1. Sort the following peptides by mean Cβ neighbour count (other Cβ atoms within 10 Å, averaged over residues), highest first: 95-107, 137-149, 63-75.
2. Between residue 76 and residue 124, what is the label-point separation in nm under the 7 Å Cα-to-beta-carbon projection?
3. Quick one: go through the stretch 65-105 and flag any residue whose amide nitrogen is under 11 Å from the point 7 Å out along the Cα-to-Cβ line of residue 111.
4. Want the number for residue 136 to residue 87: 0.36 nm per residue separation, take away the alpha-carbon distance, what's left?
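Every read-out reported here was derived from the displayed coordinates using simple, explicitly stated rules and does not represent laboratory data. As the structure is a prediction and not an experimental result, all values here were calculated from the model. When we count neighbours, we look across all protein chains shown, and the Cβ atoms used for this are built from the backbone with ideal geometry, even at glycine.
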C-alpha cells in the first residue's frame, strides 16, 4: 500500500461520510478526490487531516462547523453557536484520541439488534455501499490499484 492511501482508507472515510450526509442530493458522488501518482508517491486532495475542521453552508439555512478532529469531535458549531458533546470516561487507557466515542456506535448496533433491525436508520446499508464506492472511486481517480481489485 502506498503512503497517503492509508489516510484515505483510514480517516478519509469520515470526510466522505460527512460529505455524504452534509451535501444535499447526490452531490457527494461528483468528485470524491483529486490527485495523482508521481513516481512512488500518492498526491491527492481529500482534505482529511487529524487537525481538520470542516465548514458546510447548506444553502441559506446557515453553517455547520466541526472545530477539529472530525472523526471524533466533541463539539459542533451551528450558526456560530457551539454545542459540546462530552465523551464517556474510559474504563481503561485508550490508544486513540476520543476513542470512547465509539461507544455510541456500539450502542446504536445494540439498540438496532434489540429492536430486531438489520440496519441502522441513521447509517443504512445503502449509505455503507455508497461510501465504499466513493473510496473506490477516489482511489480510481488518483490511480491507485490493488491486486485484489482485479479478482
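1. Values: 95-107: 11.8, 137-149: 14.3, 63-75: 17.2.
Answer by packing, highest mean first, reads 63-75, 137-149, 95-107.
2. 2.0
3. Flagged as within label range: 104-105.
4. Working: separation 49, 0.36 × 49 = 17.64 nm, distance 3.19 nm.
Full extension from residue 136 to residue 87 adds 14.4 nm.
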